[in-house]
Every structure is written in structure tokens, then in C-alpha cells.
1. For segment 62-71, take each phi angle, set θ = phi - 60°, evaluate the Karplus expression 6.51 cos²θ - 1.76 cosθ + 1.60, and give the result in whole Hz per residue in order, putting x for glycine and proline.
2. Starting from the Cα-Cα distance between Ser52 and Asn79, subtract it from 0.36 nm times their residue separation and give me the gain in nm to one decimal.
3. Give me the dipole magnitude in Debye, nearest 20, for segment 26-95 about the Cα centre, with unit charges on the beta carbon: positive for Lys and Arg, negative for Asp and Glu.
Amino acid sequence: MSRVRFCAVAAVFVSLALSGCASNTDSQRDRMLIGGGLGAATGAVVGAAAGSTAGAALAGAAIGAVGGGLIGIVTTPRNCIAHDKDGTPYQVHCP
């Protein structure tokens, strides 16, 4: 297996292993930060393996951070406010 493919596969497995840390949060900001961090780490590994320079690692980290942050924002569960018969508001999942 080539070095680039090995690093890419390793980065995917590390990201999947660490993504379990994000499962207990519904905050859009938290999910963006976790996604950005995981994306930056993965992008840096893939960039370093593909380009073999610090510039490639930084470019991969930047692209991964933006992509991971956007995915974190988009996948945040939305919560809607509903009211019971007495008018008390409570959160429900949006349809």
C-alpha cells in the first residue's frame, strides 16, 4: 500500500474514532469546532503525505478545517419550540 493511501486510511479511522466524542452535543458551535478540529487534523495528515512539505500540510489543514466546520454546522440537529395546552414551551425535533 502506498504511503499516501496508508495515511489517508489512517486519518479516516482516527477521525471516525474521535467523532464519537461529538455525539453528545446539540450545540451548533460545539459541532462546528469539533468538526473543524477533526477536519484540520485529517487534512494536515493527508496534505503532509501527499505533498511532503509543510505548506501542503498547512493547506490540507486549512481545507479540512473549513470542510469539517461546515459539515458540523449542517449536521446539527434542529430543535423547534412547541407549546403544551397550558402554554408552557418545550423543545421538540423539527420535522
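Every read-out reported here was derived from the displayed coordinates using simple, explicitly stated rules and does not represent laboratory data. Not measured: the values here are computed from a predicted model. FYI the Cβ positions are ideal-geometry reconstructions off the backbone, even for glycines, and counts take in every protein chain you see.
1. So the J values, rounded to whole Hz, are 5, 5, x, 5, 5, x, x, x, 5, 5.
2. Full-extension gain reported as 5.3 nm.
3. 140
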